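> Dropping the structure in here first, questions after.
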Amino acid sequence: MKALRKYMDKIKPAFMPGGRLAKLQSVFDGMETFLFTPNTTSHSGTHIHDGNDLKRTMITVVVALMPCLLFAMYNIGYQHYLAIGQQASWLEMFWFGLIAMLPCIVVSYAVGLGIEFIGAQIHHKEIQEGFLVSGILIPLIVPIGTPLWMVAVATAFAVIFAKEVFGGTGMNIFNVALITRAFLFFAYPSHMSGDKPFVMTDGILGIGEGTVVNSYTGATPLGQIATHAGGETLALTDVVGNPITTYDAFMGWIAGSPGETSMVAILIGAVILLGTGIASWRIMCSVFAGGLAMACLVHAFPSPTYAASLLAPFAQLCYGGFAFAAVFMATDPVTGARTHIGQYIYGFLIGVIAILIRVYNSGYPEGAMLAVLLMNAFAPLIDHCVVSFNIKRRLARAKQ
Amino acid sequence: MATIKLKKGLDLRLKGGLSGGDIGQAPAGTLYAVVPDDFVGLVPRMDKREGEPVAAGEALFHDKNDDRVVVVSPVSGTVKEVRRGLRRKIEAIVIEAGKDTEPVSHDVKADPLRTLLASGLWAMLRQRPYDVVPNPDVRPRDIFVTCFDSAPLAPGLMTVLGEDKQYINKGVEVLGKLTDGRVYLGCREDEEVQVEGAETNVFAGPHPAGNVGVQLANVKPINKGEVVWTLDVVTLARIGKLFTTGRVDFSATVAVVGECVAQPKLMRCVMGCQIGTLLGETPTENVRLISGNPLTGSQITPDGFLRAPYRQLTAIPENAKPDEFMGWASLSPKRFSIYRVFTSWLAGKREVSLDARLKGGERAIVRDGEYDRMLPMDIYAEFLIKAIITFNIDNMERLGVYEIAPEDFALAEYADTSKLELQRIVREGLDRLRAEMS
């Protein structure tokens, strides 16, 4: 490490103001603080500081997303080989998913971090770590069949207009990854809905070549519900028409956005986030509570017109992006409620609204994304109300 | 008497704590100093010039806004130097101890307010709001005294007091005459102090339970327009001693502690002494010397002087791991964190080593609830900090700015993932607010 340190010290002057690479100073600073913990010591106030910093916090979230990412890669391969009707080992499936997802991950990070680096350089600030998490969330919530240029445009839009214009990491009002998804959803609706984007039907680089089987539909379970023709019973199928159960949805062997399908992988992530104390258990639990309450309510009044109301309450939570949104999106501390009471309300309403949109608005097969974005907008208001109780208490005390 | 259990907060168990209650005697030095910055809110105007003789207890400077408020010399001798910094700000007044001239005596039968002001002990009191030296023209609603220090490595104040405990009664009696309300004592369960004329509350729970502001907020919070005085029990005993003997006792018992101190112990010395006399064999290379505790103390150089509240001298490593490679990715249980994102929690409760590094860069506030869990008050700490940063006076008032002092945010500053300088933010906010309101 000493050699590396020496090398960094040697090239450092070129990146400092006046040096010939001064325009890349923030990139160099970012790299340096990534490699070596800054030697800065406190010069005012508290002399000792905790070992935790934002880098570690963000990396822990990325680690919590790893089970989802790994399962997503496997499931992309699984759905692909299912669609073309070929047998493949789980390793082949994983390998296929890996090369299918990698370009999306690279594009997401390259575009997002590129813009952050430029922003940091313009404002002469240190590069902040916020995009570490957003960059991995984006490939997990964008359908695998999305063209890469769309991912690039959407990521650029989200980073610039949802984050940088508000002041960067820690200042954004809306969740950056969800804005990416929402941008795609509303800008390119023909690509984002229907049966096309959720399963890779073509081979990549000569791997997994084949044609889809005749019974192939490619519809996600929630897509099938949205186009349900009527009748009191729901018969959900996988992409080639075999019936599926809630157990399949719980394990994740269904079509959908890469990261959202497996409840098991999401729950492992939830355990990491709650165990390390990074995510608010108040938000996470109340999203599930709100979702479950609403799912019970709609299930109490089943109607073939709103086919999703035929789903059992627990199944509601397993299908679609609900669990992923509850664990990784709603718990974003920057865009969520920050008071304890506020977090209960914020989470509960996300759960309720997600199921409400899913069931009663046939235009949107899934409501989790919109529910979180909507509540992002209301989070400051919720906090304001909670804090105003504290203020009222203080004023009442003064009047006595 | 009531027992108040506080759940929020944190006891940081640092290496280098005191092991016994033995008190050593520090060798007498020749130089002593008074630092005007220790007396927050005063604008110093010198009463003594360089080279002039001064007696112990004689005024060195007074407050520009009220010449009754004085800060006195702890020793007899001559004023050797008035150290000035930028814009001629007085940084320290150095006194060379000389032959023993008679220390100043005070008339204990006179008006207690006047005696307290003239004795210099007044400057050791603080008032909320603003956490500054009190205004003598305002009678406080109540007076709060903390009888223990819960900060990391802090000495037991009852041990520090020793035989001077006997003066607590007298101190309470004097303070009782200065308020229309009551004198409140905040104690630990095992060191309860019961005094006639004072109400005792027992506080259980981790640091900052010993902060007088936290005790005040949990007993009878302060409202807009009210003034409360705060002090510690050592100052209380000094006041009692002044009104018993007629003289101020300038001796202090200081805990010399911290990982870098060879033998942590209590030392008896005189206020404002050179810390070299206290440190003994302690190395000073790559060591952070702090007059006070590691959360709220002031950094001093090896040739520096002991600063108020003259109670603790801490030595911790300045940078224990220079150029730590990818410290954020560390899996070592030695990298201590109160959060479970590092593995240190697996090692259980133990004494830990912390150096003066920030261990990260300054960021915007991202994680929620970090400040709240370190502040046992009915205050939304994060919202208040944001109001102070934006200097929104209405919101600051509504969110309870009059109840806080910088020291109350010290623990939050330790725990802050975003590494913000909360104590500086609070101090500057309070100063600006005070200027705006006067």
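The values are calculated or read from the model by the stated rules, or taken from the named source; none is laboratory data. Worth saying up front: this structure is predicted, and the values here are computed from it rather than measured. Note: ideal-geometry Cβ built from the backbone for every residue, glycine included; neighbour counts use all protein chains shown. The accessibility values were calculated without ligands, DNA or RNA, using every heavy atom of the protein model including side chains. Shrake-Rupley method; radii C 1.70, N 1.55, O 1.52, S 1.80 Å.
> Could you please give the count of residues in region A:195-205 that are modelled with pLDDT under 80, open to solvent by 50 Å² or more (accessible area, probe 1.4 Å) and not basic (K, R)?
1
> If we keep just the residues of region A:1-40 that are away from chain B (no Cβ under 14 Å) and part of a loop (DSSP other than H, G, I, E, B), which is most open to solvent (accessible area, probe 1.4 Å)?
By that ranking, first place goes to A:R20.
> Please give the number of the condition B:V254 fails out of (1) farther than 29 Å from B:A412 by Cα; (2) of a type in the set (A, V, I, L, M); (3) in contact with a helix residue (DSSP H, G or I) (Cβ under 7 Å, 6 or more places away or on another chain).
Exception for B:V254: condition (1).
> Is it the case, given these coordinates, that B:I379 is within 10 Å of chain A (Cβ to nearest Cβ), in contact with a helix residue (DSSP H, G or I) (Cβ under 8 Å, 6 or more places away or on another chain) and part of a helix (DSSP H, G or I)?
no
> Considering only residues that are touching a residue at least 40 places away in the same chain (Cβ under 8 Å) and of a type in the set (S, T, N, Q), look in region B:248-290 and name the one that is most open to solvent (accessible area, probe 1.4 Å).
Among residues in region B:248-290 that are touching a residue at least 40 places away in the same chain (Cβ under 8 Å) and of a type in the set (S, T, N, Q), the one most open to solvent (accessible area, probe 1.4 Å) is B:Q274.
> Still on this model: Of everything in region B:314-353, what is in a loop (DSSP other than H, G, I, E, B), in contact (Cβ under 8 Å) with a residue 60 or more places away in the chain, within 9 Å of another protein chain (Cβ to nearest Cβ) and touching a strand residue (DSSP E or B) at 6+ places or on another chain (Cβ under 9 Å)? Give them in sequence order.
none
> Something else about it: Taking region B:299-336 on its own, how many of its residues are over 22 Å from A:T33 (Cβ atoms) and surrounded by fewer than 17 Cβ atoms within 10 Å (Cβ to Cβ)? Spell out how you get there, then give the answer.
Step one: filter region B:299-336 for residues over 22 Å from A:T33 (Cβ atoms), giving B:299-316, B:333.
Cutting the leftovers down to surrounded by fewer than 17 Cβ atoms within 10 Å (Cβ to Cβ) gives us B:301-303, B:333.
Result for region B:299-336: 4.
> Further, regarding this structure: Being within 11 Å of chain B (Cβ to nearest Cβ) and of a type in the set (A, V, I, L, M) is the filter; apply it to region A:352-400 and report the residue that is surrounded by the fewest Cβ atoms within 10 Å (Cβ to Cβ).
Here the residue is A:A396.
> Confirm whether A:G112 is modelled with pLDDT of 90 or more and more than 14 Å from every other protein chain (Cβ to nearest Cβ).
yes
> In addition: So, B:R373, is that one part of a helix (DSSP H, G or I) and farther than 30 Å from B:A435 by Cβ or not?
Values: part of a helix (DSSP H, G or I): yes; farther than 30 Å from B:A435 by Cβ: yes.
It is true that B:R373 is part of a helix (DSSP H, G or I) and farther than 30 Å from B:A435 by Cβ.
> If you don't mind, another one. Which residue is nearest to B:D180 (Cα to Cα), if the candidates are limited to region B:216-247 and must be open to solvent by less than 40 Å² (accessible area, probe 1.4 Å) and either among the small types (G, A, S) or assigned to a loop (DSSP other than H, G, I, E, B) (or both)?
Among those residues, the one meeting the criterion is B:V227.
> Please tell me if A:L65 is more than 14 Å from chain B (Cβ to nearest Cβ) and within 30 Å of B:A412 (Cα to Cα).
yes
Listed here are the residues, each with its yes/no results for (1) at pLDDT 95 or above; (2) within 14 Å of chain A (Cβ to nearest Cβ); (3) more than 17 Å from the chain's Cα centre (by Cα).
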site	(1), (2), (3)
B:P208	no, yes, no
B:Q215	yes, no, no
B:N223	no, yes, yes
B:E226	no, yes, yes
B:W229	yes, no, no
B:T235	yes, no, no
B:D249	no, no, yes
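> In region B:267-299, which residues are out of contact with any helix residue (DSSP H, G or I) (no Cβ under 7 Å at 6 or more places or on another chain) and assigned to a strand (DSSP E or B)?
B:R268, B:V270, B:C273, B:Q274, B:V287, B:R288, B:L289, B:I290, B:S291, B:S298, B:Q299
> Run down B:L31, B:L10, B:L42, B:L18 and say which single residue is within 14 Å of chain A (Cβ to nearest Cβ), open to solvent by less than 70 Å² (accessible area, probe 1.4 Å) and under 23 Å from the mean Cα position of the chain (by Cα). Before the answer, list the steps.
Details: B:L31 fails: within 14 Å of chain A (Cβ to nearest Cβ); B:L42 fails: within 14 Å of chain A (Cβ to nearest Cβ); B:L18 fails: within 14 Å of chain A (Cβ to nearest Cβ).
None of the other options fit; the residue is B:L10.
> Are any of the residues in region A:320-331 surrounded by fewer than 19 Cβ atoms within 10 Å (Cβ to Cβ), under 26 Å from the mean Cα position of the chain (by Cα) and either in the same structural domain as A:A354 (by TED's automatic domain parsing) or under 30 Å from A:T57 (Cβ atoms) (or both)? Outline the logic, then answer.
Taking region A:320-331 as the starting set, the residues that turn out to be surrounded by fewer than 19 Cβ atoms within 10 Å (Cβ to Cβ) are none.
The answer is no; no qualifying residue exists.
> Can you name every one of the strands (runs of 3 or more DSSP E) wholly within region B:48-155 that holds 2 or more residues which are within 22 Å of B:D232 (Cα to Cα), open to solvent by 10 Å² or more (accessible area, probe 1.4 Å) and not assigned by TED's automatic domain parsing to the domain that holds B:L399?
B:66-72, B:126-128
> Please pick out the residue among A:T217, A:T261, A:T233 that is of a type in the set (S, T, Y), away from chain B (no Cβ under 14 Å), assigned to a loop (DSSP other than H, G, I, E, B) and open to solvent by less than 40 Å² (accessible area, probe 1.4 Å).
The conditions single out A:T261.
> For B:G360, which of the numbered conditions (1) farther than 23 Å from A:L35 by Cα; (2) within 8 Å of chain A (Cβ to nearest Cβ) fails to hold?
Only one criterion in (1) farther than 23 Å from A:L35 by Cα; (2) within 8 Å of chain A (Cβ to nearest Cβ) is unmet by B:G360, namely (1).
> Next up: Among residues belonging to region A:75-104 that are of a type in the set (G, A, S) and surrounded by fewer than 21 Cβ atoms within 10 Å (Cβ to Cβ), point out the one that is farthest from A:V199 (Cα to Cα).
By that ranking, first place goes to A:S89.
> Go through region B:163-196 and give me each residue that's open to solvent by less than 30 Å² (accessible area, probe 1.4 Å), touching a strand residue (DSSP E or B) at 6+ places or on another chain (Cβ under 6 Å), farther than 15 Å from B:Q215 by Cβ and in a loop (DSSP other than H, G, I, E, B).
B:T179 - this is the single residue of region B:163-196 that is open to solvent by less than 30 Å² (accessible area, probe 1.4 Å), touching a strand residue (DSSP E or B) at 6+ places or on another chain (Cβ under 6 Å), farther than 15 Å from B:Q215 by Cβ and in a loop (DSSP other than H, G, I, E, B).
> So which of B:D416, B:D372, B:D431, B:D394 is out of contact with any Phe, Trp or Tyr (no Cβ under 6 Å at 6 or more places or on another chain), acidic (D, E) and surrounded by 23 or more Cβ atoms within 10 Å (Cβ to Cβ)?
Unique residue meeting the criteria: B:D416.
> If you scan region A:147-168, which residues turn out to be open to solvent by less than 10 Å² (accessible area, probe 1.4 Å) and under 19 Å from B:S418 (Cα atoms)?
Selection gives A:K163, A:G168.
> Also, I was wondering about something else. Which number in (1) modelled with pLDDT of 90 or more; (2) closer than 30 Å to A:M1 by Cβ; (3) surrounded by 21 or more Cβ atoms within 10 Å (Cβ to Cβ) marks the one condition that B:Y339 misses?
Unmet condition: (3).
> Can you find, within region B:410-430, the residue that is nearest to the other protein chains (Cβ to nearest Cβ) among those that are among the basic types (K, R) and in a helix (DSSP H, G or I)?
Going through the qualifying residues, I end up with B:R424.
> So in region A:335-348, with the set limited to residues that are surrounded by fewer than 23 Cβ atoms within 10 Å (Cβ to Cβ) and aliphatic (A, V, I, L, M), which one is nearest to the other protein chains (Cβ to nearest Cβ)?
Among them, the one singled out is A:I341.
> Can you give me the number of residues within region B:342-369 that are open to solvent by 40 Å² or more (accessible area, probe 1.4 Å) and among the acidic types (D, E)?
Final tally of qualifying residues: 2.
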